[in-house]
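The structure under discussion appears below in the form of structure tokens.
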Amino acid sequence: MNKRKAITLYIYINLLLSMSAQTLNSLYFMDKWSLSHRSNASFAPEYGYVSVPFMGSSQFSISSNLGLSSFLFPTDAGLVTFMHPSVSSSEFINSLQANNFFSQESNNNLISVGFYGKNSEFWSFGLSLKEQLNMNLPIDLFRLAKIGMAGSANHYDLKDMSFRNTYIGEMSIGYSQDIDPQWRLGGKVKFLAGLVSANINYSQFDVDLSQQTWHAQAKGEMLLNSQFMHLGQDADGYLDFGNYNLNLSGFKPSGYGISIDFGATYKPVDIEGLTLGLSFSDFGFMTWRRTSWQRGVADNSFTFNGFQNVDYTNFDLKAQLETLQKDALKLVKFKEEIGVDEYKLQELPATWNMSAEYSLMKDENRELLVGALWNSRYIENRIFTELLGAVTLKPFTWMTSSLTYSIVANKPRTLGFALNFSPKWINVFLAFDGINTRLNRQLIPIDPFYTAIQAGVTIPLSQNTKDRNTARKFRLLR
């Protein structure tokens, strides 16, 4: 094992060892969907509902600006990895971004209920479990692996390399009300219970390689927020991710938080069939109490000037390399630190929506609508925005389908499809948002990707009084 591979190896090994969710856009224009208030707090379904326990809504999404095509390259002899000599450094590096991320989210509804009051006000209550994972790898990590010691002096900056995984329980209370025939407003308060969170981030990580010396300096922080999990230490006093104690009998929240949703819809008097919408969701924060966290600090350096005073008649290369690797790995290990902070504040992913929808055709049983949705999503210091076009078709009173596509976006454009079945005795929905990416035979994305799936089942309750009266008047007019 050469020196470049040794440094690359310990970085990857450390990453491996140390190793909230948005409603799908394709569901936004589904007004008969029981949980439409998740897209915009002012939205209210045709009927009240109670969800099937643990099956009311399950959502999962995964995304990355990397794919297999970033690491595998075609040649006359077939596919080769980015480390193959036939793949130039510029060809590989140009296929990457300055920051290369991987993100995964899930949101599982445990139980929820929604019902109408006497004056068309709509109330909703829900319990959910949310999970979010984010990982960021700076481009210099890959430059180090590919280029190494290409010149007489080489500098690599790996700061902002990070990993975060969070589990949060949520209890929500929502309310929406018609203000007048044009305006409807809604809001929702979400009380959050932080179950567990793990966060690793390097504020400094410099690697310098020359013909005479290798030197690396790393500064970072590891924070584990948990009331039931505690990391042990290795023989050198560093926190050991492979040595942990679980005490499930002491399970309780490690932190608390709050977030709010707000929504508004407006139907202009002079343009019949047009509905405008504005909403934001998940604006809030989590606080993790000092009594629940275990903090580790990395402030280490590593220098290698070559093997000194080598006895060629009795030289154990394997033992020397193992010692080198052990010393190098200490660079990215964490010493436990008590700290003086009372709490840690964590931002939550937030979403803004602006929408316009117009009904092209409508009768008692059928409707055809077109719409546009501007969506902006803030997550881990990155903002993703897109403008989507939508076509919603209601061929029957009990069935709605919607197709969406990104017209403009600062990320790969997405195609979405949703289907909602809503006879009077059940509401079943299925939605998919994703980008058109190629997959290999093992179903691993070849290109940068985003995929989200959401499905669920609810049982309808009483109908909105205003909708019931409108339907009765419509039948009388016929």
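Observations on the model:
- Among residues of region 65-92, those that are in contact with a Leu (Cβ under 8 Å, 6 or more places away or on another chain) and assigned to a loop (DSSP other than H, G, I, E, B), counted: 2
- Restricting Asp433, Asp467, Asp447 to those that are in contact with a helix residue (DSSP H, G or I) (Cβ under 6 Å, 6 or more places away or on another chain), at pLDDT below 95 and either outside any strand (DSSP E or B) or open to solvent by 70 Å² or more (accessible area, probe 1.4 Å) (or both) reduces the list to Asp447.
- Lone unmet requirement of (1) open to solvent by less than 80 Å² (accessible area, probe 1.4 Å); (2) outside any strand (DSSP E or B); (3) modelled with pLDDT of 80 or more; (4) of a type outside the set (Phe, Trp, Tyr) for Gly306: (3)
- From Asn99, Asn134, Asn65, Asn94, residue being at pLDDT below 90 and touching a helix residue (DSSP H, G or I) at 6+ places or on another chain (Cβ under 8 Å): Asn99
- Applying the condition of being of a type in the set (D, E, K, R) and within 19 Å of Leu66 (Cα to Cα) to region 121-158 and asking which residue is surrounded by the fewest Cβ atoms within 10 Å (Cβ to Cβ) yields Lys146.
- The one condition in (1) buried (at least 17 other Cβ atoms within 10 Å of the Cβ); (2) under 30 Å from Asp299 (Cβ atoms); (3) polar (S, T, N, Q) that Asn107 fails to fulfil: (2)
- Single residue of region 25-64 satisfying the filter (under 29 Å from Ile435 (Cβ atoms) and assigned to a strand (DSSP E or B)) that is most open to solvent (accessible area, probe 1.4 Å): Phe60
- All positions within region 234-255 that are assigned to a strand (DSSP E or B) and surrounded by 15 or more Cβ atoms within 10 Å (Cβ to Cβ): Tyr238, Leu239, Asp240, Phe241, Gly255
- Test: residue in region 385-406 that is part of a strand (DSSP E or B), open to solvent by less than 30 Å² (accessible area, probe 1.4 Å), among the acidic types (Asp, Glu) and touching a Gly at 6+ places or on another chain (Cβ under 8 Å): no
The values are calculated or read from the model by the stated rules, or taken from the named source; none is laboratory data. Only a predicted model underlies this, so the values are computations on that prediction, with no experimental measurement involved. Quick reminder, even Gly has a Cβ in these numbers, built from the backbone with ideal geometry, and neighbours come from all protein chains shown. These accessible areas exclude ligands, DNA and RNA; they are computed on the full protein's heavy atoms, side chains included. Shrake-Rupley method; radii C 1.70, N 1.55, O 1.52, S 1.80 Å.
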